[in-house]
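J.: Sending over a structure as structure tokens; questions will come in a sec.
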Amino acid sequence: MKGLFTSLAAAATIAAALSGPALSQGTPQTLSVMKVDPQSVATGYRTSKVVGSSVVNEAGESVGTIDDLIVTPNEKVPFAVLSVGGFLGIGTKYVVVPYSALEVNDKRMMLRGATKESLKSLPEFKYTD
């Protein structure tokens, strides 16, 4: 009889292990999935390639560098943090522009109408973390 209980306990343990993950009790969760065309996404730019890119104006003059991309919880659109001015990180100022203001022109990031002076006159952005 003891052998029968041991066998049943072993079988129950194996069945529980093979049955898949345990799901928590409570309110069922639903997830709304949006269809995305992978072909159109593939034409985009990876953030790892965008961050560090030089930003030029339409005259081809370098006006800054993309330091970071930030998505806010409310707008759900990216903003580009640009580092402007300074030399080797000394005297650098961070400013924010909507990512939509940047254009890709000949594989370079372009901000129309920007000058170093106009970007330096924008409010300074400071990272909070």
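J.: Kindly establish whether Thr115 is without any contact (Cβ under 8 Å) to a residue 40 or more places away in the chain and hydroxyl-bearing (Ser, Thr, Tyr). First the steps, then the outcome.
T.: On the way: without any contact (Cβ under 8 Å) to a residue 40 or more places away in the chain: no; hydroxyl-bearing (Ser, Thr, Tyr): yes.
Against the criterion (without any contact (Cβ under 8 Å) to a residue 40 or more places away in the chain and hydroxyl-bearing (Ser, Thr, Tyr)), Thr115 does not qualify.
J.: Going through the range 106-119 one residue at a time, which ones are exposed (fewer than 10 other Cβ atoms within 10 Å of the Cβ) and of a type in the set (Lys, Arg)?
T.: Correct list: Lys107 only.
J.: Can you pull out every residue in the range 26-72 that is assigned to a helix (DSSP H, G or I) and under 15 Å from Val104 (Cα atoms)? Working first, answer last.
T.: Of the range 26-72, the ones assigned to a helix (DSSP H, G or I) are 38-41, 47-50.
Thr47, Lys49, Val50, listed by residue number.
J.: From the list Val95, Val71, which residue is within 21 Å of Thr47 (Cα to Cα) and surrounded by 18 or more Cβ atoms within 10 Å (Cβ to Cβ)?
T.: Sole residue among the options that is within 21 Å of Thr47 (Cα to Cα) and surrounded by 18 or more Cβ atoms within 10 Å (Cβ to Cβ): Val95.
J.: Say we look at the range 45-61 and pick out the residues that are among the small types (Gly, Ala, Ser) and in contact (Cβ under 8 Å) with a residue 40 or more places away in the chain; which of these is surrounded by the most Cβ atoms within 10 Å (Cβ to Cβ)?
T.: Across the range 45-61, the extreme among qualifying residues is Ser53.
J.: Can you find a residue that is touching a strand residue (DSSP E or B) at 6+ places or on another chain (Cβ under 8 Å) and at pLDDT below 90 anywhere in the range 31-49? Walk me through how you get there before you give the answer.
T.: In the first step, residues of the range 31-49 are kept if they are touching a strand residue (DSSP E or B) at 6+ places or on another chain (Cβ under 8 Å); the result is 45, 47.
Pick out the ones that are also at pLDDT below 90 and you get 45, 47.
Checking the range 31-49: at least one residue is touching a strand residue (DSSP E or B) at 6+ places or on another chain (Cβ under 8 Å) and at pLDDT below 90.
Per-residue answers, yes or no, for (1) at pLDDT 85 or above; (2) surrounded by fewer than 10 Cβ atoms within 10 Å (Cβ to Cβ); (3) on the phi > 0 side of the Ramachandran plot:
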residue	(1), (2), (3)
Thr6	no, no, no
Gln25	no, yes, no
Lys76	no, yes, yes
Ala101	yes, no, no
Val104	yes, no, no
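The values are calculated or read from the model by the stated rules, or taken from the named source; none is laboratory data. Keep in mind the model is a prediction, meaning the values are calculated, not measured. Every residue, glycine among them, receives a Cβ derived from its backbone with ideal geometry; neighbour counts consider all protein chains shown.
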